[in-house]
Amino acid sequence: MYTFIKSLHIELTDKCNAACPMCVRTNPLTGKEQPWLLKREIFLEDFMDIVRPNDLVNIQKINFCGNYGEPLAAKDLIPIIQYVWKHNPDIFIEMASNGHPRNEDWWWDLCEVVIGKPFKIVFGIDGINQKQHELYRRNTKFDKILANATTFINNGGHAEWQYLIFKHNES
């Protein structure tokens with residue numbers, strides 16, 4: 001990789017548990033997944049082929065974002081994070097998630113890997129209750145997301161709450 005590249009945005013998968021109506025993954029006419037989605041993911045071995053140890057030397061930030069898929073849907077997310085920090089422990093890793101996938105045990109496992117390291121997760125939570133939240137973040141459960149976020153935060157995780165403003169959740 002070129003030494004002038006300092007930041008990477010990586011889509012680990014195009015899989016997602018949600019069906020947000022304005023997401024590029026969702027057909028606006030049917031509300032169903034777009035037919036062009038491949039439902040693939042990058043596994044650790046793939047990641048190691050794409051991003052080699054020497055490539056990580058000059059990288060300052062990696063964003064595992066969910067533009068096309070939910071990063072937590074990638075089975076090897078934690079091993080990929082470990083691989084990155086093995087080769088450059090100073091890389092800041094940021095991740096955007098709807099916070100619904102996985103259970104609290106998995107969130108504990110994530111905490112064991114990321115606490116005390118340069119890591120932040122941005123939770124997309126678009127309401128203050130299930131009724132508001134599910135109008136946009138469809139197929140997700142507000143209480144489960146809060147339980148996952150609470151587990152992460154209470155164990156020392158750095159998190160932000162991203163709240164998209166819509167007419168239905170303004171007040």
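The values are calculated or read from the model by the stated rules, or taken from the named source; none is laboratory data. What you are looking at is a predicted structure, and each value in this text was computed from that prediction instead of being measured. All Cβ positions, even for glycine, are placed from backbone atoms using ideal geometry, and neighbour counts span all protein chains on display. Accessible surface is based on the protein model in full, side chains and every heavy atom, while ligands, DNA and RNA are left aside. Shrake-Rupley method; radii C 1.70, N 1.55, O 1.52, S 1.80 Å.
Just the residues that are at pLDDT 90 or above and closer than 26 Å to I78 by Cβ, please, taken from the stretch 7-37.
Step one: filter the stretch 7-37 for residues at pLDDT 90 or above, giving 7-15, 34-36.
S7, L8, H9, I10, E11, L12, T13, D14, K15 - these are the residues of the stretch 7-37 that are at pLDDT 90 or above and closer than 26 Å to I78 by Cβ.
The set of residues from the stretch 110-142 being in contact with a Ser or Thr (Cβ under 8 Å, 6 or more places away or on another chain) and open to solvent by 40 Å² or more (accessible area, probe 1.4 Å) comprises just one member, E134. A Cβ distance below 9 Å, combined with a sequence gap of six or more or placement on separate chains, defines the contacts here; from the stretch 70-99, residues that are in contact (Cβ under 8 Å) with a residue 24 or more places away in the chain reach residues that are hydroxyl-bearing (S, T, Y) and part of a loop (DSSP other than H, G, I, E, B) in the pairs N98/T140; G99/T140. Of the residues that make up the stretch 48-58, is at least one among the acidic types (D, E) and more than 12 Å from the chain's Cα centre (by Cα)? There is at least one residue in the stretch 48-58 that is among the acidic types (D, E) and more than 12 Å from the chain's Cα centre (by Cα).
One line per residue, one yes/no per condition, for (1) closer than 26 Å to C23 by Cβ; (2) at pLDDT 90 or above; (3) under 15 Å from the mean Cα position of the chain (by Cα):
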| site | (1), (2), (3) |
| --- | --- |
| D90 | no, yes, no |
| V113 | no, yes, no |
| F119 | yes, yes, yes |
| E134 | yes, no, no |
| N139 | yes, no, no |
| A149 | yes, yes, yes |
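Please find, among K32, K117, K75, K61, the residue that is of a type in the set (K, R) and in contact with a helix residue (DSSP H, G or I) (Cβ under 8 Å, 6 or more places away or on another chain). Every option except K117 fails the conditions.
Residues that are touching a strand residue (DSSP E or B) at 6+ places or on another chain (Cβ under 6 Å), closer than 23 Å to A19 by Cα, at pLDDT below 95 and among the β-branched types (V, I, T) occur at least once in the stretch 124-132.
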